[in-house]
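Structure first, commentary second.
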Amino acid sequence: MDITNLNIAVVGAGYAGAAAAKALSNLGANVTVFEQATEIREVGAGIGLRPSSMHQFNKRGSAEAIMSVSSPSDAFEILTADAHRIAQEEWPEKAAYGETTRFIHRGDFIDALVSVLPAGMVKLGHRLEKVVDEGAGATLHFANGESATFDLVVGADGIKSIVREQLFSDQRPVFAGEHAYRAVIDAAGTFGMVADGNLRMYIGRGTKIYLLPLLHRGQVSFDITALNPDSSWAPVVTKEEILKTVEGFDERLVEMTRNLDMDTVNARAVYDIDPVPVWHSGAVVLIGDAAHAMCHHQGQGANSAILDAGALADALERATSVAEALAGFQAIRKPVTDELQRISRNGWTDEEIDDVFPGQKPGQVGATTATTAGA
Ligand SMILES: Cc1cc2nc3c(=O)[nH]c(=O)nc-3n(C[C@H](O)[C@H](O)[C@H](O)COP(=O)(O)OP(=O)(O)OC[C@H]3O[C@@H](n4cnc5c(N)ncnc54)[C@H](O)[C@@H]3O)c2cc1C
């Protein structure tokens, strides 16, 4: 269908919102992005962009901006806590897309996605408070007193989505029973553990450490994910507490932890959401974490957001009406992300879970320890 007459609002200028804005404006739609923050920024950590995401960037015109601030990776490795390799595999989909996975700093990633948007498209300081679905369109009301009506509203407002909560599901995010401690450190401080572009995941009991090379920056993203019953959204942890989670790991990993500058460490409790039965009405649709926030074990949250953006644009291009496009979009993407949400809840063995949550099973930790505190 011709979408050049469509007025589209995207709520949220994260990875999903920025990628959707690019894809939809490429098709000629009149797009406005509303972001609650007064400046665009991301936490200090790395992220892996899969071949299918790189394919989308090529197709939508963002690839150059991404390539210049990322570096390629051929494979990922799984190792024991004492650094014995269990498995090494090439990134899947490499042959299918003729691309490899690329690693990027989260801040560079959002900057690159926003840099390719037309000037003035992103309206900062616009926190959505209320969305009213009127069938043939929807009206957005912002905390700054502004309001506006659009033919299509794309809810890309993340795991705590207001669009989801007001129109599609009142379920709260679910605590996964774990914390993630993340920092970007100099490659020189990794005692030779990062000599190539491979992602390495070291598995201990109740803790996983990820080393994700950012070779183009001479840095490494260092991520410790550990089971923890504290569900505070941004938990306050000391270096001693983090060091406890890496006891028994290779001494070089312990030393990297000891050397962390706590001012640069981002600590987050991990949350996801239960699958949302329906993502769309006739004029409003959810994408990214708003639709399907998932635990990060598979590294698929941001990638899914990018694929959503591309699939939404494809569906609008193919369909004869907005309503048909939104139904088509959900039919293509939801089975995939439902499965990723399911798999990513199974990051731990029964024994590991039992250490921290006696009597519970993987996938049930959040359900029985969920709290709305901070969520
Ligand atoms: C510890 C951790 C590690 C991860 N590692 C990986 C990884 O390696 N690979 C991967 O693919 N994914 C990873 N993820 C997941 C990934 O970060 C998310 O899936 C991704 O950020 C989702 O993008 P999004 O744009 O949907 O949501 P967000 O990034 O949350 O963006 C939502 C945007 O909406 C804005 N917003 C929210 N509410 C409003 C409102 N009311 N009004 C206006 N604006 C609003 C927010 O300010 C924000 O800018 C990880 C996540 C975590 C927590």
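With respect to Ser52, determine if the residue is within 24 Å of Gly14 (Cα to Cα), of a type in the set (Ser, Thr, Tyr) and open to solvent by 30 Å² or more (accessible area, probe 1.4 Å).
Judged against the criteria, Ser52 is not a match.
Could you please tell me which pairs satisfy a Cβ distance under 7 Å, a separation of 6+ or placement on different chains, a first residue in the range 144-158 that is free of Cβ contacts under 8 Å to residues at least 60 places away in the same chain, and a second residue that is open to solvent by 40 Å² or more (accessible area, probe 1.4 Å) and within 13 Å of the ligand (Cβ to nearest atom)?
If the second residue must be open to solvent by 40 Å² or more (accessible area, probe 1.4 Å) and within 13 Å of the ligand (Cβ to nearest atom), the pairs left are Ser147/His141.
Taking the range 105-126, which residues are among the charged types (D, E, K, R) and near the ligand (Cβ under 10 Å from one of its atoms)?
Within the range 105-126, Arg106, Lys123 meet the criteria.
Mind checking which residues of the range 236-273 are charged (D, E, K, R) and assigned to a loop (DSSP other than H, G, I, E, B)? Steps first, please.
Kept after step one, since they are charged (D, E, K, R), are these residues of the range 236-273: 239-241, 244, 247, 250-252, 255, 258, 261, 263, 268, 272.
Glu247, Asp250, Asp261, listed by residue number.
Have a look at Arg205, Arg258 and point out the one that is charged (D, E, K, R) and modelled with pLDDT under 95.
Arg205
When both residues are 6+ apart or on different chains and their Cβ atoms are under 6 Å apart, which pairs have a first residue that lies in the range 112-139 and is within 19 Å of Glu64 (Cβ to Cβ), and a second that is in a loop (DSSP other than H, G, I, E, B) and modelled with pLDDT under 95?
What qualifies is Val114/Ile40; Val116/Ser62.
Has the range 80-87 got at least one residue that is away from the ligand (no atom under 15 Å from the Cβ), at negative phi, outside any strand (DSSP E or B) and without any contact (Cβ under 8 Å) to a residue 60 or more places away in the chain?
Yes, the range 80-87 has at least one match.
I'd like the full set of residues that are surrounded by fewer than 24 Cβ atoms within 10 Å (Cβ to Cβ) and either assigned to a helix (DSSP H, G or I) or among the β-branched types (Val, Ile, Thr) (or both), limited to the range 281-300.
Answer for the range 281-300, where residues must be surrounded by fewer than 24 Cβ atoms within 10 Å (Cβ to Cβ) and either assigned to a helix (DSSP H, G or I) or among the β-branched types (Val, Ile, Thr) (or both): His296, His297, Gln298.
Mind checking which residues of the range 31-70 are in contact with a helix residue (DSSP H, G or I) (Cβ under 9 Å, 6 or more places away or on another chain), assigned to a loop (DSSP other than H, G, I, E, B) and either on the phi > 0 side of the Ramachandran plot or not charged (D, E, K, R) (or both)?
Passing the criteria: Ile40, Val43, Gly44, Ala45, Gly61, Ser62, Ser68, Val69.
The values are calculated or read from the model by the stated rules, or taken from the named source; none is laboratory data. Everything numeric in this text was worked out from a predicted model, so none of it was measured. Methodologically, a virtual Cβ is constructed for each residue, glycine included, from the backbone with ideal geometry; neighbour enumeration extends over all protein chains shown. Surface areas here come from the heavy atoms of the whole protein model, side chains and all, with no ligands, DNA or RNA. Shrake-Rupley method; radii C 1.70, N 1.55, O 1.52, S 1.80 Å.
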